[in-house]
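Report on one structure; see the data block that follows.
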Amino acid sequence: MDPAQFFAASRVVIVAGKGGVGKTTVSAALARAAALAGLSTLIIEVEGKSGLATLFGQPTFDYEQVTLSPGGGPDGAADVSARTLTPDDALVEYLEDHGLSRISRRLVSTGAVDMVATAAPGIKDILILGKVKQIEQKRRFDLIVLDAPASGHAISFLRSARGLLDAVRVGPINAQARDVLDLLTDAERCQVVLVTLPEETPVNELVETAYLLEDEVGVSLGPVVVNGTYASLDGLDADPAAAAEAAGAALRKGEAQILADAAGFRRHRMALQSEQIERLADLLPLPQLSLPYLFDSDLGPAEVDVLAHRLLDGIVGLTELASPT
Amino acid sequence: MSARTRADRAADPEARVALARLVAEQEVIVCTGSGGVGKTTTAAVIALEGARQGRRTCVVTIDPAKRLADALGLESLSNTPSRIEGPWDGELWALMLDTKTTFDDLVLKNAETPEQAEGILANRFYRNISGALSGTQEYMAMEKLYELHDERNFDLVVVDTPPTRNALDFLEAPRRLTRFLDHRLYRVLMTPTRGIVKAVNLAAQAFLRTVSKVVGGDVVSDAIAFFTAFDGMEQGFRDRAEATLELLSDEVTAFVLVAAPRREVVEEASFFAAKLTEAGIPVRALIVNRMHPKFGDGDPGATVERARRFEGTDLGGLYANLADFQQVAANEENHLAGLAAKVAPAPVIRIPFLQTDVHDLDGLGEIGRHLFPQ
């Protein structure tokens, strides 16, 4: 499938997954991949402290929009921008937009937001999603990548719209919830990309989350990203002594054993991983995009680019899976 | 000898002894750390060790993976511990925290009359607080911990903490909620309309009208009904919150920081450690899960060099693979060095990557062999 076409399929991509699976890294890689395919992209983060800025080698950012990765250059990429949305800021802005600016600061400073949020749970989530919807409708970006809260929270986050429609039956919040639900359930405007590791517990949680999101939110699911898969290497099955002889090299004392142990460890991990990847394919009929485990764990712009290119390769390979038969 | 056993033997035996001593001596152990690092499993392993040492132990879990819950006999949320039978001298009990019921119990305990309790429990605003107010889960975990310790049915209570971005959320949660219940705004709302207060109240009324316009009148009237019903119970809640915080900073309580050796996790763990220290609470042990094994003592740079020289051959592949793991091991140790220094003199216990995920008592025992002296 053509990456530009893939990323143009829906204007908002929500990236969700359990803590520790690399959700933020995947958000960054997806955004950069889209930018490399020529789409100007905005990453929205909602929890703060995600390390997104570090991934792009930039200082931390907040509610104001910043450019994380300027476009241009030989590859003709578009910009990757980012901003943080917080419920408090979104509420103030919302009230100002609705002609209630006089009370907006007071609502926040007196802590009344907490009361309102408690009285109608999900209101903070709806304020954020409402803001996402507003940004989407301005069409300033070709693609919005939303780095969602961790798994359990992701479900309640996305479910907030439906819940609020029941709790608040009239008024602007009701209208807001309705708009957000329209966005979430429209496959051409929004899809969710779930991230997992090729390990048992994360795979189980991903499958559970996938069905909950489909059934209870009605959001459409894009490909699943399997992060942290070990890339294969030549010679993993070879006997080190024989391999050395074939290469005309001499091994030092004990080296053969070390090489064999390390190769055995990788083979073992790879076997466990492919077992989980197959299990995921059995349990969830969604195309998979695989990202390699990066052994150099200090991720920066260069590594984000590596991952972005891997995603692009994977997307190109999606042709058969994605085309209707 | 395989590299794997070598890596295990390299672990510090004194650290394991120190951790076993914590399990033997403390009355409360709180496992803290960011999400996805194996906190729940670690808490269960620590509790199992408590039972092995002959203590009556209870583990409070927040959100266990289903198979671990099954292994612990936790079929559903419950508010009372259930006993797990097994070949140990002590007792092992477990409970999966039910936030709402814990909160209900707290209301029942603090209400002056059954009618007051009933009025609160039936209120929609209260149901939202007990189910959805941020920090409630953290607060109730600490409340449950306090209750279990206070009842003296157990020698050791081990508690898992919710996967919050900020480890201190659960320390601050009790106070945050009492602050919420105590809020100036509600005081104004609840004040009888007389004298000078009346003017303030009029402003509050106008304010409420605006809020009603945004979220609807039901929401506001539910809130007012709740605060009216709650009137008089704040002190009980405040006292309890203070007692809980006292227990957490008491010497009978030990905080164990659970981490993984990835950079971002270590950064968060360092932040937790700093915050705990600020609050006057020392980290008593650091447990690092999922360490990659160390293969040989070679320098990754030299191995990379050899991988390049023999690129395209099987030997080149073998060196490239070794270089990958030497690089990871070196990075992991680098990341951990700063954190270990920050929590010193707390023992640091490293647990290697395990073959499979843990979903039974044998699996917990297997991790126990890495955590405690055998």
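The values are calculated or read from the model by the stated rules, or taken from the named source; none is laboratory data. Since the model is a prediction, treat every value here as computed from it, not as a measurement. We place every Cβ from the backbone using ideal geometry, glycine too, and count neighbours over all the protein chains shown. Remember, those area values only see protein heavy atoms, side chains included, never the ligands or the DNA or RNA. Shrake-Rupley method; radii C 1.70, N 1.55, O 1.52, S 1.80 Å.
Please verify whether residue B:179 is assigned to a helix (DSSP H, G or I), modelled with pLDDT of 65 or more, among the charged types (D, E, K, R) and touching a helix residue (DSSP H, G or I) at 6+ places or on another chain (Cβ under 9 Å), treating the condition exactly as stated. Give the steps one after another, and end with the answer.
Values: assigned to a helix (DSSP H, G or I): yes; modelled with pLDDT of 65 or more: yes; among the charged types (D, E, K, R): yes; touching a helix residue (DSSP H, G or I) at 6+ places or on another chain (Cβ under 9 Å): no.
Against the criterion (assigned to a helix (DSSP H, G or I), modelled with pLDDT of 65 or more, among the charged types (D, E, K, R) and touching a helix residue (DSSP H, G or I) at 6+ places or on another chain (Cβ under 9 Å)), residue B:179 does not qualify.
Determine whether residue B:356 is within 16 Å of residue A:244 (Cα to Cα), more than 22 Å from the chain's Cα centre (by Cα), at the interface with chain A (Cβ under 10 Å from one of its Cβ atoms) and of a type in the set (Val, Ile, Thr). So residue B:356 fails the test.
Quick grid of which residues meet (1) open to solvent by 70 Å² or more (accessible area, probe 1.4 Å); (2) over 30 Å from residue A:158 (Cβ atoms); (3) touching a Pro at 6+ places or on another chain (Cβ under 9 Å); (4) at the interface with chain B (Cβ under 9 Å from one of its Cβ atoms):
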residue	(1), (2), (3), (4)
A:209	no, no, no, no
A:212	no, no, no, no
A:217	no, no, no, no
A:228	no, no, yes, no
A:233	no, yes, no, yes
A:242	no, yes, no, yes
A:257	yes, yes, yes, yes
A:262	no, yes, yes, yes
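Applying the criterion of being away from every other protein chain (no Cβ under 14 Å) and of a type in the set (Ser, Thr, Tyr) to the residues of region A:25-62, the residue that is most open to solvent (accessible area, probe 1.4 Å) is A:40. Inspect region A:172-186 for any residue being in a strand (DSSP E or B) and open to solvent by less than 60 Å² (accessible area, probe 1.4 Å) and give the result as yes or no. No. Checked against (1) away from chain A (no Cβ under 11 Å); (2) open to solvent by 40 Å² or more (accessible area, probe 1.4 Å), residue B:297 meets all criteria but (1). Of the residues making up region B:313-330, just one is touching a helix residue (DSSP H, G or I) at 6+ places or on another chain (Cβ under 8 Å) and more than 9 Å from chain A (Cβ to nearest Cβ), namely B:330. Listed by position, the helices (runs of 4 or more DSSP H) inside region A:1-80 whose residues that are within 27 Å of residue B:269 (Cβ to Cβ) and among the hydroxyl-bearing types (Ser, Thr, Tyr) number at least 1 are A:23-36, A:52-55. Close contacts from region A:188-207, counting a first residue that is small (Gly, Ala, Ser) and at pLDDT below 95 and a second that is open to solvent by less than 10 Å² (accessible area, probe 1.4 Å) and part of a helix (DSSP H, G or I), with Cβ to Cβ under 8 Å and a gap of 6+ residues or different chains, come to none at all. Residue count for region B:255-306 satisfying the condition of being of a type in the set (Ser, Thr, Tyr) and within 30 Å of residue B:173 (Cα to Cα): 2. Could you list, in sequence order, the residues of region A:77-104 that are surrounded by fewer than 20 Cβ atoms within 10 Å (Cβ to Cβ) and away from chain B (no Cβ under 14 Å)? Passing the criteria: A:79, A:83, A:89. So, of the residues in region A:265-291 that are more than 8 Å from every other protein chain (Cβ to nearest Cβ) and in contact with a Lys or Arg (Cβ under 9 Å, 6 or more places away or on another chain), which turns out to be most open to solvent (accessible area, probe 1.4 Å)? Among residues in region A:265-291 that are more than 8 Å from every other protein chain (Cβ to nearest Cβ) and in contact with a Lys or Arg (Cβ under 9 Å, 6 or more places away or on another chain), the one most open to solvent (accessible area, probe 1.4 Å) is A:290.
Residues in region B:84-126 that are within 22 Å of residue B:174 (Cα to Cα), within 24 Å of the chain's Cα centre (by Cα) and in contact (Cβ under 8 Å) with a residue 24 or more places away in the chain: 12 in all. Among the residues of region B:211-225, those identified as facing chain A (nearest Cβ under 8 Å) and within 14 Å of residue B:122 (Cα to Cα) are B:222, B:223. Yes or no: residue B:118 more than 14 Å from chain A (Cβ to nearest Cβ), at pLDDT 85 or above and crowded, with 18+ Cβ neighbours inside 10 Å? No: the conditions fail for residue B:118.
Would you confirm, using the coordinates I've provided, whether residue B:310 is among the hydrophobic types (A, V, I, L, M, F, W, C), without any contact (Cβ under 8 Å) to a residue 40 or more places away in the chain, open to solvent by 10 Å² or more (accessible area, probe 1.4 Å) and within 9 Å of chain A (Cβ to nearest Cβ)? Spelling it out, residue B:310 is indeed among the hydrophobic types (A, V, I, L, M, F, W, C), without any contact (Cβ under 8 Å) to a residue 40 or more places away in the chain, open to solvent by 10 Å² or more (accessible area, probe 1.4 Å) and within 9 Å of chain A (Cβ to nearest Cβ).
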